[in-house]
1. With unit charges on the beta carbons (Lys and Arg positive, Asp and Glu negative) and the dipole taken about the Cα centre of segment 36-95, which residue among 37, 95, 57 sits farthest to the positive side?
2. Between residue 56 and residue 33, what length in nm is gained on full extension when 0.36 nm per residue of separation is reduced by their alpha carbon distance?
3. Given the Cα-Cα distance of residue 72 and residue 49 and 0.36 nm per residue of separation, how much length would full extension add, in nm?
Amino acid sequence: MFYNKFNSIHMTESVTRLNSRILKTRSSSVLAVDYEWRNNARVTLHNFHEKPVTVSQDLKGKAGERLINLYSTDYSQAGPDGIQKIVLEGYGYRWYRVRSLGHILQRQKYRSGTSGAL
């Protein structure tokens, strides 16, 4: 329980420091947001309708790109065309990390006072 609460607080604080952009979706009930900071990327999807919806979208533009669910062991693998297909249940959401953790080796150095910093 403590870990989940701590993780939620950490995620909320982290989101305030990220460069973000709203992604276009084909469903008016889905909000998709792409966050990037220091060579890290997250994609969040929120379904604001009671009915399930399938999001079929080029979220990051790379064939075979993997989105790793931050709250479970699930992941979404893009097809050869780079399209992710994700089913969101009614009022459901997903928060994904883009790529495996190997990108940490290329992480940009944090500099106080730069864009996106608190």
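Every number here is computed from the coordinates shown, using simple stated rules; none is lab data. Model, not experiment: these values are computed from the prediction. Glycine gets a Cβ as well: all are built from the backbone with ideal geometry, and neighbour counts include every protein chain shown.
1. 37
2. Stretched out fully, the residue 56 to residue 33 stretch lengthens by 6.8 nm.
3. 6.1 nm
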